[in-house]
Amino acid sequence: MSPFIRFEGVVKEFHVPGRGSIRALDGIDLTINKGEVVVIIGPSGSGKSTLLRVVNALERLDEGEIWIGEDRVSAKKADLRRIREDAGMVFQSFNLFSHLSIMENIALAPRLVRKKTKEEARDIAEKLLSRVGLADKLYAYPRQLSGGQQQRAAIARALAMSPQILLFDEPTSALDPEMIKEVLDVMTALAKEGMTMLVVSHEMGFARAAADRVVFMDQGKIVEQGAPSELFSQPKEPRTKDFMRHIL
């Protein structure tokens, strides 16, 4: 595997009333290889979601550099549209357009951005919905789907742009327990197919099964990282050990 995403000295600060500037990311150095599945874990407020949002410039950096392939995300004149096409984002809350059918939700970006014909975009939507187990929901509307089905549709929508990497921000946190597995199964299948994935998740079972590497963050820093078998069973850092005691 070759280096694909690089974080070099990345700093992101937010101003919090009454508290001043808080460093959500504090000097992050991290490399994601092509075809690698990296799961980010850590306590609430550790900077995990911010780490995802700076990859496709949903948040601007205060210091440091981020590269996706040969594209410098942090450049002032970076092509943000292309960067966001390359780095597809799957959010906690699905973000489907309620007034559009599931097929129309998925076909919209290929038509508007990729300039696909109506027929081509429909074909893309049909294939992707079949891929995520929703072939029978082509004409359904988001309100007619369960939370798990909506999240699988959101994954299909992200795939419709043929991204080079998928970013998942707690994709199962808004789901009822019985719906989590159907989403994780789709994500696991994508991992086995070689999709590069950066996943923020509290689903340790998924991390064990699908991750090539697990990164533990706390207070905006990477505390420790390694293969799931190593990090979960033999963490080296005291803070990692303490976190694992509470979640495993």
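The values are calculated or read from the model by the stated rules, or taken from the named source; none is laboratory data. What you are looking at is a predicted structure, and each value in this text was computed from that prediction instead of being measured. All Cβ positions, even for glycine, are placed from backbone atoms using ideal geometry, and neighbour counts span all protein chains on display. For the accessible areas, the whole protein counts, side chains as well, though only heavy atoms, and no ligand, DNA or RNA atoms are used. Shrake-Rupley method; radii C 1.70, N 1.55, O 1.52, S 1.80 Å.
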For this session: Leaving ligands, DNA and RNA out of it, work out the accessible area of MET244 with a 1.4 Å probe and give it in Å² to the nearest 10.
Result: 10
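Counting only heavy atoms of protein chains, what accessible area per residue, in Å², does segment 84-139 have with a probe of 1.4 Å?
Per residue, segment 84-139 has an accessible area of 56 Å².
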Problem set entry | Per-residue ³J(HN,Hα) for segment 179-188, Karplus 6.51 cos²θ - 1.76 cosθ + 1.60, θ = phi - 60°, Hz, x for Gly and Pro | 9, 5, 4, 5, 6, 5, 5, 5, 5, 5
For this session: Please work out how much length the chain gains when fully extended from VAL113 to ARG82, using 0.36 nm per residue of separation minus the C-alpha to C-alpha distance, in nm with one decimal.
Result: 10.2 nm
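For segment 161-248, which trypsin sites (Lys or Arg not before Pro) are in a loop by DSSP, counting at most 15 other Cβ atoms within 10 Å?
Sites meeting the loop and neighbour criteria: LYS236.
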For this session: Run the quick spin-label model on SER173 and LYS34: label points 7 Å from Cα toward the beta carbon, then report their separation in nm to one decimal.
Result: 3.2
Seminar exercise, completed: For VAL39, the accessible surface traced by a 1.4 Å probe with all protein chains present amounts, in square angstrom to the nearest 10, to 0
Exercise. Using θ = phi - 60° and the Karplus form 6.51 cos²θ - 1.76 cosθ + 1.60, what ³J(HN,Hα) does each residue of segment 86-95 get, whole Hz, x for Gly and Pro?
Worked result: 6, 10, x, 10, 10, 8, 4, 9, 6, 6
Problem set entry | Computed FRET value (nearest 0.05) for PHE14 with GLU237, which takes r as the C-beta separation and R₀ as 30 Å | 0.75
Problem set entry | Neighbourhood charge, 13 Å Cβ-Cβ cut-off, centred on ALA209 and excluding it, Lys, Arg +1 and Asp, Glu -1 | 0
Exercise. So how exposed is VAL54, as accessible area in Å² (1.4 Å probe, rounded to 10)?
Worked result: 0
Exercise. Considering amide H positions built from the backbone, and no H for Pro or chain starts, which residues 5 or more places from ILE40, or on another chain, come under 5 Å of its amide H?
Worked result: VAL199, VAL200, SER201, VAL215
Problem set entry | Candidates MET161, MET195, MET179, ranked by Gaussian network fluctuation over the chain, Cα under 10 Å, top entry | MET179
Problem set entry | Phi-based couplings in Hz for segment 219-233 (Karplus 6.51, -1.76, 1.60; Gly and Pro marked x) | 6, x, 10, 7, 7, 6, 8, x, 5, x, 4, 7, 5, 6, 9
For this session: Quote to one decimal, in nm, the extra length available between GLN164 and ALA227 on full extension: 0.36 nm per residue of separation minus the C-alpha distance between them.
Result: 20.4 nm
Exercise. Given H placed on each backbone N at 1.01 Å, which residues far from THR196 in sequence or on other chains put an amide H within less than 5 Å of it?
Worked result: GLY35, LEU166
Exercise. Are there trypsin sites (Lys or Arg not before Pro) in segment 11-60 that DSSP puts in a loop and that have at most 16 other Cβ atoms within 10 Å, and which ones?
Worked result: ARG19, LYS34, ARG60
For this session: Taking all pairs of distinct Cα atoms, average 1/r, flip it, and tell me the Kirkwood hydrodynamic radius of segment 18-138 in Å to one decimal place.
Result: 17.1
Problem set entry | Summed residue charge, Cβ within 13 Å of MET244's Cβ, Lys/Arg positive, Asp/Glu negative | 0
Exercise. Percent of accessible area on the chain owned by carbon and sulfur, 1.4 Å probe?
Worked result: 48
Exercise. Which listed residue (GLY226, ILE41, ALA160) has the Cα farthest towards the positive end of the charge dipole for the chain, taking +1 on Lys and Arg C-beta and -1 on Asp and Glu C-beta about the Cα centre?
Worked result: ALA160
